[in-house]
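Take a look at the structure below.
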Protein chains: 2
Amino acid sequence: MQGIAEVSNLGAPPPSDDSLLARIRELVLGGTYSPGEPLSEIFLAQQFDVSRTPVREALKQLEREGLIEIRPKVGTYVREPTKREIVELFQLKEGLEGLAAGLMARRGRTPSLEFLEKNVKASEAAAAARDSERYAQLVHEFHWALVNGSDNTKLVEHYKLLMNQLAFHRLVLKTVENPLRISASSGEHRLVLQMIQDKDHFGAEAAMRNHVYASARELLGGHRDA
Amino acid sequence: MQGIAEVSNLGAPPPSDDSLLARIRELVLGGTYSPGEPLSEIFLAQQFDVSRTPVREALKQLEREGLIEIRPKVGTYVREPTKREIVELFQLKEGLEGLAAGLMARRGRTPSLEFLEKNVKASEAAAAARDSERYAQLVHEFHWALVNGSDNTKLVEHYKLLMNQLAFHRLVLKTVENPLRISASSGEHRLVLQMIQDKDHFGAEAAMRNHVYASARELLGGHRDA
DNA sequence: CCGCTATTCCTTGCATACAAGAACACTACG
DNA sequence: CGTAGTGTTCTTGTATGCAAGGAATAGCGG
């Protein structure tokens, strides 16, 4: 039995207690509502047994996150993201995760680094075992551990925002079950880890960006604008 | 006489029409309220002749931007940012602006590039004339033009958020009036421009990051964590 | 004089009533 | 048959009333 956890989830996004916002977001992310579908305040209020006021606050935030569109005096709709936006988000992801890798590489031995080491080992095992589901989960944790390991709370916040926008399309986490890609991905993770261990912040950033780029390329179908 | 502007402000942040939010933000940024000072909903509502509801929405957003702190059932206060947060924000700034420079360098000739060319020339003139006020304005425009020139709307959004948090401390825009630094800064701008003109996205990113780092170092007093 | 307690006043949080605008359907007219 | 006009009904936007909780203060007991 454990008391209060001394070290919080290194491989997970920071918790956000705003439960109503999270629940409505889950509704959009989970695919309960399709893009273009109206999202009535009154209905949501009844659904969650609260008044319109807190629902409105949550919707306003979701609009800022880019998940929905509020047309004044008309209605609220689930947004249909353009392909261009997705590419833009991946470019940003590349930049932020690369930055995080570089920052982490400057830090020396930290709990995050140890977490990463275990994660990479487990990843390689999962890859060898062809357990793509577990591999996907480990990949997810790898990226979060890296960003958390940057020790930059503002970077983490922006990354969280970014991932909320990306999670939308259910592109992330759904690791491509291509054995070749999994193998390559696993190697890229190890390379990033190696660079961090060597405190090569420049190399770590480059390796991480290359990895994100390769993953995005796989997901998006091989083209990258500009 | 011009019709609808074909090209919007290349050297300025994108407009945000949410006037109440902007006005309250200006109150905080402008120094009307000092850190720690309470910011009553009722008072603000009277001040702007609206009800508490829209004020609350604006405050909630300002809290998400990190400018204020809402303590439930207690009060709303202007936040006192820690030095660490400022350093974190500058690290992020370096990453985002570097990314933008790299993206812009891939794009070839664009209106943004032409704007940047004129900006650098004007900057050098202002530097030579020791007109530090005009120089500060041109620096501001340089950075915004560069980010806008990345052609990545999501990057611009995140950058805007970041700058809202930074503008807070009135550290930005208040260019250090050190002639030596101005001269160096001007040279760094030209270098970035050169790299973009040469379509050297790698060099452009590096040059921009170096520039941001140098500026931050000057502003923050020479130390950088990790 | 000091410590404790209860009360009062302050804040934000939530629910609801009302206002305003936009979309749509229906009707009347060309 | 098409079209312009109008009225209804939906939506969100705003104002306000009430509830709940925290903080400070005044009063009381030691």
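The values are calculated or read from the model by the stated rules, or taken from the named source; none is laboratory data. Since the structure is predicted, the reported quantities are computational estimates derived from the model, not experimental observations. Ideal geometry is used to build each Cβ from the backbone, glycine not excepted, and the neighbour counts take in all protein chains shown. To get the accessible areas, we keep the full protein, side chains included, count just its heavy atoms, and leave off ligands, DNA and RNA. Shrake-Rupley method; radii C 1.70, N 1.55, O 1.52, S 1.80 Å.
Answer yes or no as to whether residue B:39 is more than 11 Å from every other protein chain (Cβ to nearest Cβ) and touching a Phe, Trp or Tyr at 6+ places or on another chain (Cβ under 8 Å).
Numbers: more than 11 Å from every other protein chain (Cβ to nearest Cβ): yes; touching a Phe, Trp or Tyr at 6+ places or on another chain (Cβ under 8 Å): yes.
Yes; evaluated as a whole, the condition is true for this residue.
Within segment A:152-170, work out how many residues are surrounded by 20 or more Cβ atoms within 10 Å (Cβ to Cβ) and assigned to a loop (DSSP other than H, G, I, E, B).
The total comes to 2.
Taking segment A:56-65 only, how many residues are in contact with a Leu (Cβ under 8 Å, 6 or more places away or on another chain) and near DNA strand D (Cβ under 9 Å from one of its atoms)?
Number of matching residues: 1.
What residue, among those in segment A:34-45 that are away from DNA strand C (no atom under 11 Å from the Cβ) and open to solvent by 30 Å² or more (accessible area, probe 1.4 Å), is farthest from residue A:166 (Cα to Cα)?
Applying the filter and picking the extreme gives A:43.
Across segment A:113-130, what is the number of residues that are open to solvent by 10 Å² or more (accessible area, probe 1.4 Å) and touching a residue at least 40 places away in the same chain (Cβ under 8 Å)?
Matching residues across segment A:113-130 total 5.
In segment B:17-41, what count of residues is obtained for those that are of a type in the set (Val, Ile, Thr) and more than 11 Å from residue B:76 (Cβ to Cβ)? So that I can check it myself, show each step before the final result.
Residues of segment B:17-41 of a type in the set (Val, Ile, Thr): B:24, B:28, B:32.
Now narrow it down to the ones that are more than 11 Å from residue B:76 (Cβ to Cβ): B:32.
The qualifying residues number 1.
If I go through segment A:135-161 residue by residue, how many of them are of a type in the set (Gly, Ala, Ser), touching a residue at least 60 places away in the same chain (Cβ under 8 Å) and within 14 Å of chain B (Cβ to nearest Cβ)?
Counting residues in segment A:135-161 that are of a type in the set (Gly, Ala, Ser), touching a residue at least 60 places away in the same chain (Cβ under 8 Å) and within 14 Å of chain B (Cβ to nearest Cβ) gives 1.
Which residue out of A:90, A:48 is in contact (Cβ under 8 Å) with a residue 60 or more places away in the chain, away from DNA strand D (no atom under 11 Å from the Cβ) and surrounded by 16 or more Cβ atoms within 10 Å (Cβ to Cβ)?
Details: A:48 fails: in contact (Cβ under 8 Å) with a residue 60 or more places away in the chain.
After ruling out the rest, the residue left standing is A:90.
Which residues, taken from segment A:56-83, are within 13 Å of chain B (Cβ to nearest Cβ), surrounded by 14 or more Cβ atoms within 10 Å (Cβ to Cβ) and within 16 Å of DNA strand C (Cβ to nearest atom)?
A:56, A:57, A:58, A:59, A:60, A:61, A:62, A:70
Residue check: is residue B:11 more than 12 Å from every other protein chain (Cβ to nearest Cβ), on the phi > 0 side of the Ramachandran plot, not aromatic (Phe, Trp, Tyr) and not in a helix (DSSP H, G or I)? Give the derivation first.
Numbers: more than 12 Å from every other protein chain (Cβ to nearest Cβ): yes; on the phi > 0 side of the Ramachandran plot: no; not aromatic (Phe, Trp, Tyr): yes; not in a helix (DSSP H, G or I): yes.
No; evaluated as a whole, the condition is false for this residue.
Could you tell me which of the residues B:10, B:99 is over 21 Å from residue B:137 (Cα atoms) and either free of Cβ contacts under 8 Å to residues at least 60 places away in the same chain or not basic (Lys, Arg) (or both)?
Values: B:10 fails: over 21 Å from residue B:137 (Cα atoms).
The unique qualifying residue is B:99.
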